[in-house]
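Following: one structure in structure tokens, then a few remarks.
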Amino acid sequence: MRLIEENRACKIIYNFIKSNNITGKALLPANVCHDVVDTLLYAGLSVQFIDISMDTYCVDEEQICQYIDDARVLLYVHTYGIEKNYTQKFNKFCELNPNLIIIDDKCLCLPCFHNNEICVDLELYSTGEKKQVDLGVGGFAYIADKWNYFDCLEGKHHILFDDNIYKYSSDLTTEIIKIKSHKEKLNKIYRESLPKEIQLPDEYQNWRFNIFVENKELILKTLFENRLFASNHYKSYISKCSNANLLHDKIINLFNDLYYTEQQAIETCEIIKKIINTNDKNTKNK
């Protein structure tokens with residue numbers, strides 16, 4: 001395998017596809033980043049959106065198997081930055097379709113430089129905006145030795161950068177130590193302050209701290225009114241993917257990055273608890 005560095009992860013995807021003349025259909029989750037979809041289409045692939053599983057919050061394995069026969073690429077996203085080894089699952093997919101190319105999208109995971117052999121064709125990381133390590137730019141990937149890799153961009157396109165490769169490897173170790181320490185502090189506040197029943201399992205709290213609530217819009221509106229912040233996750237591209245739609249409607253991403261303070265996290269929890277308690281009282285009074 002080789003290590004590839006570029007100034008954006010999407011540029012790596014594009015170059016990988018064009019360097020190897022990859023054509024056909026890509027399978028990807030319905031609630032994926034729109035830049036990824038634009039990149040695949042710009043590179044000449046068609047896309048098939050797959051719903052996510054409520055058991056894993058990642059793309060639904062059974063639905064992948066339904067569409068895998070005529071697929072050329074599977075882009076598997078580690079939702080909410082979950083750190084999990086999917087080797088066994090990827091091997092199963094390749095047994096069903098030996099021609100399948102797997103891109104292991106770990107852009108929401110903590111960037112990891114390693115010497116381990118990869119079980120996929122491309123293992124992708126990002127240090128762009130709103131990622132775990134937010135340097136505002138940068139991406140890298142491990143590519144299997146059998147694949148070519150060239151810079152295939154000609155001219156400029158609005159979704160892709162074509163500047164010089166951003167050399168940031170030496171900065172990552174220091175940034176990761178700071179980020180992990182800060183995330184642990186804020187996650188502890190969220191974990192101890194908020195009702196357990198609205199929290200996603202700990203393995204999904206790496207990128208941000210995620211909660212599942214019934215009154216998402218009211219909570220977000222109230223947080224913004226109080227100069228606090230939180231976010232939605234990606235909306236489903238198609239309405240028939242009911243689980244992806246449900247996650248967008250119910251899940252709030254609470255910030256735990258270096259830009260959000262412990263005091264802001266405390267105030268965020270107070271507002272969320274107040275709204276939930278008020279809603280519970282109103283429900284009981286009906």
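Any idea how many residues of segment 55-105 are surrounded by 17 or more Cβ atoms within 10 Å (Cβ to Cβ), without any contact (Cβ under 8 Å) to a residue 40 or more places away in the chain and among the hydrophobic types (A, V, I, L, M, F, W, C)?
8
For TYR237, work out the one condition from (1) closer than 24 Å to THR56 by Cα; (2) crowded, with 18+ Cβ neighbours inside 10 Å; (3) hydroxyl-bearing (Ser, Thr, Tyr) it doesn't fulfil.
(2)
Could you tell me whether LYS183 is exposed (fewer than 13 other Cβ atoms within 10 Å of the Cβ) and either among the aromatic types (Phe, Trp, Tyr) or assigned by TED's automatic domain parsing to the domain that holds LEU246 (or both)?
no
Where the second residue is modelled with pLDDT of 95 or more and not in a helix (DSSP H, G or I) and the first is under 13 Å from ILE252 (Cβ atoms) and of a type outside the set (Lys, Arg) and lies in segment 262-283, which pairs have Cβ atoms under 6 Å and are six or more apart or on separate chains?
Cβ pairs passing all conditions: THR268/LEU228; CYS269/LEU194.
Here is a list of conditions, (1) in contact with a Ser or Thr (Cβ under 8 Å, 6 or more places away or on another chain); (2) within 18 Å of GLN132 (Cα to Cα), and THR261 meets all of them except one; can you say which number that is?
Going through (1) in contact with a Ser or Thr (Cβ under 8 Å, 6 or more places away or on another chain); (2) within 18 Å of GLN132 (Cα to Cα) one by one, THR261 breaks only (1).
Conditions (1) within 26 Å of LYS131 (Cα to Cα); (2) among the aromatic types (Phe, Trp, Tyr), marked per residue:
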{"position": "LYS25", "(1), (2)": "no, no"}
{"position": "THR39", "(1), (2)": "yes, no"}
{"position": "TYR42", "(1), (2)": "yes, yes"}
{"position": "PHE49", "(1), (2)": "yes, yes"}
{"position": "ALA71", "(1), (2)": "no, no"}
{"position": "ASN85", "(1), (2)": "yes, no"}
{"position": "ASN91", "(1), (2)": "no, no"}
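Are any residues in segment 246-286 in a helix (DSSP H, G or I), at pLDDT below 95 and basic (Lys, Arg), and if so, which ones?
Of everything in segment 246-286, those that are in a helix (DSSP H, G or I), at pLDDT below 95 and basic (Lys, Arg) turn out to be LYS281, LYS284.
Go through segment 13-62 residue by residue and tally those that are over 15 Å from THR79 (Cβ atoms) and assigned to a helix (DSSP H, G or I).
Qualifying residue count for the region: 16.
The values are calculated or read from the model by the stated rules, or taken from the named source; none is laboratory data. Since this is a predicted model, take the numbers as computed values, not measurements. All Cβ positions, glycine included, derive from the backbone under ideal geometry; neighbour counts span all protein chains shown.
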